[in-house]
Amino acid sequence: MKIFRRINRNIRDAFKSVIRNFSLSIASISCITITLIVVALSVVLSLNVENFTESIRKDVTVVIFLDNDVSKNEIENIEKSIYKTNNVAELTFKTKEQTASEFGKENPAFESIVNSWKNGENPLLDSFMLKVNNIEMIEDTVKEIKKIDGVNNVNYGEEIVRQLIVVFKVVEKACLWAVVALVLVTSFLIANTIKLTIYSRKTEIEIMRLVGASNTAIKMPFVIEGLFLGIIGSIIPICLTIYGYVALYNFFDGKMFASPLAKLIPPSPFIYTTSLLLLVIGILVGMFGSYRAVRKHLKI
């Protein structure tokens, strides 16, 4: 029962301190708010870039063109050889007639050309459509496939895929480091801001010492005060994350650049997990900043 009374008193004292030192509290809250907004932008960008990368990984299709004179048995042998590369997620055989029909449906101008072909005049090649398990191994897989007898050519737009993945990885890492750096800088700024609050209450702390208050009893109200500052400072970033991301998702209809590869992460439950992350970061940064200020700067 005694411990609950002590916790209740610490919470009450921390809340009163936030109100009593309102101008300094506003400075700390503003610092947390601005930082968490940038953190939210970094997290949203980073996770969506990761989602773009994953979409590209899953959608990259290797087109394996076969020689014009391959027999049915040779096609079966080629298929078995492709599976032996151990990097096959999905493999589909497509005849040159199917390819011609698909081209015709996609392009009316090409359809008239396809319809004019007589038996044996189709210049296209039979092919396999391959999706790999591990895109990092795609170059090695393609090299092995090119060595298979009966394979005429292999195409997957290697330069574009490679460049996109490199760019996305750089952006993803940059966002991650930005989040880490912002959290550390914010902790330092809050610690220095709260240091001013603590210094203005130096007499109060000395009186607590004289009456025999333990170090923990002195530190606890400040740590709880940091928790309050973190919660209040995270309110605006959380609201911006929830309503802003939903508006962004609806505006682009779930796709950036109108591309099926650049799909945005659906709002639910993404916005709620991100909001929870912001709240946790705000609380931890506020509490750590307060604790650091009390322990290090006042040498309690």
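The values are calculated or read from the model by the stated rules, or taken from the named source; none is laboratory data. None of the values given here were measured: they were computed from a predicted structure. FYI the Cβ positions are ideal-geometry reconstructions off the backbone, even for glycines, and counts take in every protein chain you see. Side chains included, ligands, DNA and RNA excluded: accessible areas come from the protein's heavy atoms. Shrake-Rupley method; radii C 1.70, N 1.55, O 1.52, S 1.80 Å.
Do we have any residue at all in the range 168-175 that's part of a helix (DSSP H, G or I), at pLDDT 75 or above, open to solvent by 70 Å² or more (accessible area, probe 1.4 Å) and basic (Lys, Arg)? Before you say what the answer is, go through the steps one by one.
Just the residues of the range 168-175 that are part of a helix (DSSP H, G or I), to begin with: 168-175.
Subsequent filtering for residues that are at pLDDT 75 or above retains 170, 173-174.
From what is left, the residues that are open to solvent by 70 Å² or more (accessible area, probe 1.4 Å) are 170, 173.
Retained after the next criterion (residues that are basic (Lys, Arg)): 173.
Yes, some residue in the range 168-175 is part of a helix (DSSP H, G or I), at pLDDT 75 or above, open to solvent by 70 Å² or more (accessible area, probe 1.4 Å) and basic (Lys, Arg).
For the range 70-109, give me the residue count where each residue is assigned to a loop (DSSP other than H, G, I, E, B) and open to solvent by 70 Å² or more (accessible area, probe 1.4 Å). Spell out how you get there, then give the answer.
First, the residues of the range 70-109 that are assigned to a loop (DSSP other than H, G, I, E, B): 70-71, 84-87, 95, 107.
So of that shortlist, the ones also open to solvent by 70 Å² or more (accessible area, probe 1.4 Å) come out as 84, 86, 107.
Matching residues across the range 70-109 total 3.
Can you tell me which of (1) over 37 Å from the mean Cα position of the chain (by Cα); (2) at pLDDT 75 or above; (3) part of a helix (DSSP H, G or I) is the one residue 44 doesn't meet?
Condition not satisfied by residue 44: (1).
Answer yes or no as to whether residue 37 is among the aliphatic types (A, V, I, L, M), at pLDDT below 80 and open to solvent by 50 Å² or more (accessible area, probe 1.4 Å).
It is false that residue 37 is among the aliphatic types (A, V, I, L, M), at pLDDT below 80 and open to solvent by 50 Å² or more (accessible area, probe 1.4 Å).
Among the residues in the range 136-149, are any modelled with pLDDT under 80 and surrounded by 14 or more Cβ atoms within 10 Å (Cβ to Cβ)?
Going through the range 136-149, the residues modelled with pLDDT under 80 turn out to be 136.
If we keep only those that are surrounded by 14 or more Cβ atoms within 10 Å (Cβ to Cβ) too, we end up with none.
Within the range 136-149 (the criterion being modelled with pLDDT under 80 and surrounded by 14 or more Cβ atoms within 10 Å (Cβ to Cβ)), the answer is no, since none of the residues qualifies.
What single numbered condition from (1) at pLDDT 90 or above; (2) farther than 18 Å from residue 31 by Cβ; (3) touching a helix residue (DSSP H, G or I) at 6+ places or on another chain (Cβ under 9 Å) fails to hold for residue 235?
Of (1) at pLDDT 90 or above; (2) farther than 18 Å from residue 31 by Cβ; (3) touching a helix residue (DSSP H, G or I) at 6+ places or on another chain (Cβ under 9 Å), only one is false for residue 235: (2).
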